[in-house]
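K.L.:
Okay, handing you the structure first.
The values are calculated or read from the model by the stated rules, or taken from the named source; none is laboratory data. Keep in mind that this is a model prediction, so the values were computed, not measured. So basically every Cβ, Gly included, is an ideal-geometry build from the backbone, and we count neighbours across all protein chains shown. Surface accessibility is based on the protein's heavy atoms, side chains included, excluding ligands, DNA and RNA. Shrake-Rupley method; radii C 1.70, N 1.55, O 1.52, S 1.80 Å.
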Amino acid sequence: MSIAVDTNPAESSSKAPKSICVLGSTGSVGTSTLDLVARDPGRFQIDALTANSNVDLLAKQARDFGARFAVVANPDKYQDLKDALAGSGVEAAAGADALNEAADRDSEFVMGAIVGAAGLQPTLTAAKRGACVALANKECLVSAGTVFLEAVKNAGATLLPVDSEHNAIFQVLETENHEAVEKIILTASGGPFRTWQKSRMEVATPAQAVAHPNWSMGAKISVDSATLMNKGLEVIEAYYLFGVEPNQLEVIVHPQSVIHSMVAYTDGSVLAQLGSPDMRIPIAHTMAWPERMATPSPRLDLAEVAQLTFEAPDLERFPALRLALAALQTGGAAPTLLNAANEVGVAAFLGEEVGFLDIAAIVEETMSRALSQGLDAAPANLEDVLMLDQAGRVIASELVAIRRT
Ligand code: NDP
């Protein structure tokens, strides 16, 4: 077994302000990252910020943080961004090439916080130039795990996990004792529908699905948390990050979201990382790594929490988790197709085109149709990933059209 997460403390502990690029600065992870920068301004310097279409917030952030480069992915928004940044000295740009350019500048630290496979190319660009990449965008690894990790390895990049579960594992994984790792246990809150029967889930609305009990997050990951696909994506992400076998990865539902994940060793010890459910904790861990920095996050009061409870995930009520675990076992093209189909299904659900239970059904049917079309080989390079991703989206979109409510 080998650990994929690279550690290079010497490079990361310099005292000069750390220059930062935030890919997806207008989102939930992006704004939390900038919140931390604002609290310790001498420690960081913002180089580049990117968004998809939220020009107003992007321009405000770029001005407030003295960014040098601001990119909006949607090319139709270029003029709006240029106007909003007039006289600020911040260079404005738009489109996919500009996103890659933001990632390719010389910032020391790149926060990969774009949602979905849309984040793959710019995050890969940052990895390929050997940057320190803090990865929130789990879809990158699910869609292109081997391709992404090869780029990290070849460039000598540093990859730090932002996802609270993976960050927890990173904090308690003894890399020098990797052979003694028995299993990795990812905790799941269970989402807003943890106790719901399927009949109730069938008529669940987007507003109900995004109302996560513990975490405040973007819409896509919130729906993924409601289906438990998020946990499935995280199991695949953990497989790539931590170099363990699929059968060494376990999921346990822990509704309080206090234990963020655990590593069990062959001597019977189980190490866990605990904290309040506030993404600024794992984000700060990556931003300051290998040091630590203060955060204003609510402190954990275990007496107030009083009880930590656990239950096995219900794969019958939450088939998305079953599908993701199966995709990891199948390997090859399966994780890329799973991710693409899920993105289409979630977008259709959020757009009220299909029902909540349709998301997993669309993923399952996409996987089986893709297989019957001979789409099973593991992607060997970025072009393969993009081809498979597109093929999965085409099939899933056809299924959405059939099911449209
Ligand atoms: P949000 O939806 O809140 O933000 C997404 C960001 O990506 C925004 O800046 C958005 O811009 C930008 N974006 C969206 N689509 C595109 C596109 N096609 N091209 C370029 N940029 C785009 O997402 P989150 O912050 O919640 O999540 C980001 C990633 O982090 C996801 O992969 C998620 O799974 C992961 N993650 C999130 C956690 C959380 O607590 N939120 C926890 C752990 C992982 P705009 O605002 O203009 O739309």
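K.L.:
Give me the pairs, please: first residue somewhere in segment 132-146 and more than 13 Å from Thr33 (Cβ to Cβ) and within 8 Å of the ligand (Cβ to nearest atom), second residue anywhere and assigned to a loop (DSSP other than H, G, I, E, B) and open to solvent by less than 10 Å² (accessible area, probe 1.4 Å), beta-carbon distance under 7 Å, and either six or more positions apart or on two chains.
P.N.:
These pairs meet every condition: Glu139/Gly116.
K.L.:
Do you know which residues across segment 359-383 are under 17 Å from Met201 (Cα atoms) and open to solvent by 20 Å² or more (accessible area, probe 1.4 Å)?
P.N.:
Ala361
K.L.:
Which of the following residues is open to solvent by 10 Å² or more (accessible area, probe 1.4 Å), more than 24 Å from Ala341 (Cα to Cα) and assigned to a loop (DSSP other than H, G, I, E, B): Asp97, Asp83, Asp106? Walk me through it before giving the result.
P.N.:
Numbers: Asp97 fails: assigned to a loop (DSSP other than H, G, I, E, B); Asp83 fails: assigned to a loop (DSSP other than H, G, I, E, B).
Selected residue: Asp106, the only one of Asp97, Asp83, Asp106 that is open to solvent by 10 Å² or more (accessible area, probe 1.4 Å), more than 24 Å from Ala341 (Cα to Cα) and assigned to a loop (DSSP other than H, G, I, E, B).
K.L.:
Here is a further query. Go through segment 362-383 residue by residue and tally those that are touching a residue at least 12 places away in the same chain (Cβ under 8 Å) and assigned to a helix (DSSP H, G or I).
P.N.:
Restricting attention to segment 362-383, the residues satisfying the condition of being touching a residue at least 12 places away in the same chain (Cβ under 8 Å) are 362-367, 369-370, 373, 375-382.
Imposing the further condition that a residue be assigned to a helix (DSSP H, G or I) reduces the set to 362-367, 369-370, 382.
Residues flagged as touching a residue at least 12 places away in the same chain (Cβ under 8 Å) and assigned to a helix (DSSP H, G or I) within segment 362-383 amount to 9.
K.L.:
Answer with yes or no whether Val263 is under 19 Å from the mean Cα position of the chain (by Cα), at pLDDT 95 or above and either buried (at least 19 other Cβ atoms within 10 Å of the Cβ) or part of a loop (DSSP other than H, G, I, E, B) (or both).
P.N.:
no
K.L.:
Continuing with this model, one more query. When only residues in segment 342-358 that are over 19 Å from Arg322 (Cβ atoms) and acidic (Asp, Glu) count, which is least open to solvent (accessible area, probe 1.4 Å)?
P.N.:
Glu353
K.L.:
Checking the conditions here, which among Ala92, Ala117, Ala86 is more than 8 Å from the ligand (Cβ to nearest atom) and touching a strand residue (DSSP E or B) at 6+ places or on another chain (Cβ under 8 Å)?
P.N.:
Criteria check complete, one pass: Ala92.
K.L.:
Please specify each residue of segment 64-80 satisfying the condition of being crowded, with 16+ Cβ neighbours inside 10 Å, within 16 Å of the ligand (Cβ to nearest atom) and more than 25 Å from the chain's Cα centre (by Cα).
P.N.:
Within segment 64-80, Lys77, Tyr78, Asp80 qualify.
K.L.:
When only residues in segment 213-242 that are more than 10 Å from the ligand (Cβ to nearest atom) and open to solvent by 20 Å² or more (accessible area, probe 1.4 Å) count, which is nearest to Tyr265 (Cα to Cα)? I'd like the intermediate steps shown before the answer.
P.N.:
Going residue by residue through segment 213-242, those that are more than 10 Å from the ligand (Cβ to nearest atom) are 213-214, 223, 226-229, 231-232, 235-236, 238-242.
Of the ones still in play, those that are also open to solvent by 20 Å² or more (accessible area, probe 1.4 Å) are 213-214, 239-240.
On the way: Pro213: 31, Asn214: 29, Tyr239: 17, Tyr240: 19 Å.
If we take residues in segment 213-242 being more than 10 Å from the ligand (Cβ to nearest atom) and open to solvent by 20 Å² or more (accessible area, probe 1.4 Å), then Tyr239 is nearest to Tyr265 (Cα to Cα).
K.L.:
Just checking, does segment 247-254 include any residue being buried (at least 19 other Cβ atoms within 10 Å of the Cβ) and within 12 Å of the ligand (Cβ to nearest atom)?
P.N.:
no
K.L.:
Are any residues in segment 150-183 away from the ligand (no atom under 16 Å from the Cβ) and in contact with a helix residue (DSSP H, G or I) (Cβ under 6 Å, 6 or more places away or on another chain), and if so, which ones?
P.N.:
Residues satisfying the conditions are Ala151, Val152, Ala155, Ala157, Lys183.
K.L.:
Which residue out of Ala136, Ala126, Ala113 is of a type in the set (A, V, I, L, M, F, W, C) and under 17 Å from Ala62 (Cβ atoms)?
P.N.:
Ala113
K.L.:
Further question on the same structure: Is there a residue being among the hydrophobic types (A, V, I, L, M, F, W, C), buried (at least 23 other Cβ atoms within 10 Å of the Cβ) and not in a helix (DSSP H, G or I) anywhere in segment 123-130?
P.N.:
Within segment 123-130, none of the residues are among the hydrophobic types (A, V, I, L, M, F, W, C), buried (at least 23 other Cβ atoms within 10 Å of the Cβ) and not in a helix (DSSP H, G or I).
K.L.:
What single numbered condition from (1) out of contact with any helix residue (DSSP H, G or I) (no Cβ under 8 Å at 6 or more places or on another chain); (2) closer than 25 Å to Ile252 by Cβ; (3) surrounded by 15 or more Cβ atoms within 10 Å (Cβ to Cβ) fails to hold for Gly332?
P.N.:
Of the numbered conditions (1) out of contact with any helix residue (DSSP H, G or I) (no Cβ under 8 Å at 6 or more places or on another chain); (2) closer than 25 Å to Ile252 by Cβ; (3) surrounded by 15 or more Cβ atoms within 10 Å (Cβ to Cβ), the odd one out for Gly332 is (2).
K.L.:
Let me ask you something else. Quick one: would you say Ala168 is in contact with a Pro (Cβ under 9 Å, 6 or more places away or on another chain) and either part of a strand (DSSP E or B) or at pLDDT 95 or above (or both)? Don't jump to the end; show me each part of the working.
P.N.:
Working: in contact with a Pro (Cβ under 9 Å, 6 or more places away or on another chain): yes; either part of a strand (DSSP E or B) or at pLDDT 95 or above (or both): yes.
Yes: the conditions hold for Ala168.
K.L.:
Give all pairs with beta carbons closer than 8 Å in which a residue from segment 222-235 that is closer than 13 Å to Leu186 by Cα meets a residue that is crowded, with 24+ Cβ neighbours inside 10 Å and of a type in the set (Asp, Glu); count only pairs at least 6 apart in sequence or on separate chains.
P.N.:
Asn230/Asp224; Leu233/Glu139; Leu233/Asp224; Glu234/Asp163; Glu234/Glu165
K.L.:
Hey, among the residues in segment 154-191 that are surrounded by fewer than 19 Cβ atoms within 10 Å (Cβ to Cβ) and free of Cβ contacts under 8 Å to residues at least 60 places away in the same chain, which one's farthest from the chain's Cα centre (by Cα)? Walk me through it before giving the result.
P.N.:
Pass one, segment 154-191, residues surrounded by fewer than 19 Cβ atoms within 10 Å (Cβ to Cβ): 154-156, 171-172, 174-180, 182-183.
Now drop any that are not free of Cβ contacts under 8 Å to residues at least 60 places away in the same chain, which leaves 154-155, 176.
On the way: Asn154: 22, Ala155: 22, Glu176: 26 Å.
Here the answer is Glu176.
K.L.:
Also, I was wondering about something else. Does segment 302-312 include one or more residues that are more than 30 Å from Lys15 (Cβ to Cβ), assigned to a loop (DSSP other than H, G, I, E, B), acidic (Asp, Glu) and open to solvent by 20 Å² or more (accessible area, probe 1.4 Å)?
P.N.:
no
K.L.:
Here's a follow-up. Quick check: is even one residue across segment 266-281 in a helix (DSSP H, G or I), surrounded by 13 or more Cβ atoms within 10 Å (Cβ to Cβ) and of a type in the set (A, V, I, L, M, F, W, C)?
P.N.:
yes
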